[in-house]
Amino acid sequence: MSRIGKQPIVIPAGVDVTVDGSTVTVKGPKGTLSKAVHGNMSVEKDGAELKVSRPNDDKLNRSLHGLTRTLISNMVVGVNEGFKKELEINGVGFRAAKQGNQLVLNVGYSHQVFMQEPEGVTVEVPAPNKIIVTGFDKQRVGQFAAEIRKTRPPEPYKGKGIKYANEIVRRKEGKAGKGGK
């Protein structure tokens, strides 16, 4: 039995969950999310809890059990609390700024990089070398943070680039020169 899949999802106060066949809709103070779950998985609402179950122990059903439960749990957490990803910019002259709903990055190219905020995601720039991406959909927040990082990933020699706040960049030693004349 899936250790994650068999755990019930607790629905906090202020969050409304509707199960309509294979579609689960979650409404909360931050927004509304809807997800169509796989036909083999069944989701039942039992008071203030949601339970995900599978019909049998086939390999596909076992793999979908924990996944379905986690996706629904992330929807409940997202509409109630939201998700946040922090990025840091390292490098001389590298900086970020916000213009309206666009993120402007100066990361060592001959031009500025403009990135439009996706729907349901907000970007804050509290300092020129710090970016905070927040939203209620975990997938959108993570995807946009990954797209920002992709504009200039951290390089291992000087550590310049955009990295997640909790990411550790493994540093490499530079080229050793010829000793002597």
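The values are calculated or read from the model by the stated rules, or taken from the named source; none is laboratory data. Just so it is clear, the structure is predicted and the values come from calculations on it, not from any experiment. We place every Cβ from the backbone using ideal geometry, glycine too, and count neighbours over all the protein chains shown.
When Val76, Val123 are checked against the criterion of being touching an Asp or Glu at 6+ places or on another chain (Cβ under 7 Å) and either within 30 Å of Gly14 (Cβ to Cβ) or not assigned by TED's automatic domain parsing to the domain that holds Ala145 (or both), a single residue qualifies: Val123.
Okay, residues lined up against (1) out of contact with any strand residue (DSSP E or B) (no Cβ under 9 Å at 6 or more places or on another chain); (2) at pLDDT below 90; (3) within 17 Å of Val79 (Cβ to Cβ); (4) exposed (fewer than 15 other Cβ atoms within 10 Å of the Cβ):
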{"site": "Met1", "(1), (2), (3), (4)": "yes, yes, no, yes"}
{"site": "Gly5", "(1), (2), (3), (4)": "no, yes, no, no"}
{"site": "Val10", "(1), (2), (3), (4)": "no, no, yes, yes"}
{"site": "Val15", "(1), (2), (3), (4)": "no, no, yes, no"}
{"site": "Thr18", "(1), (2), (3), (4)": "no, no, yes, yes"}
{"site": "Val24", "(1), (2), (3), (4)": "no, no, yes, no"}
{"site": "Gly28", "(1), (2), (3), (4)": "no, no, yes, no"}
{"site": "Lys35", "(1), (2), (3), (4)": "no, no, yes, no"}
{"site": "Met41", "(1), (2), (3), (4)": "no, no, no, no"}
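Taking the range 122-181 as the range and being assigned to a helix (DSSP H, G or I) and under 27 Å from Gly31 (Cα atoms) as the test, the residues that pass are Lys138, Gln139, Arg140, Val141, Gly142, Gln143, Phe144, Ala145, Ala146, Glu147, Ile148, Arg149.
Checked against the criterion of being in contact (Cβ under 8 Å) with a residue 60 or more places away in the chain, farther than 24 Å from Thr23 by Cα, buried (at least 17 other Cβ atoms within 10 Å of the Cβ) and of a type in the set (Lys, Arg), the range 78-93 contains one or more residues that satisfy it.
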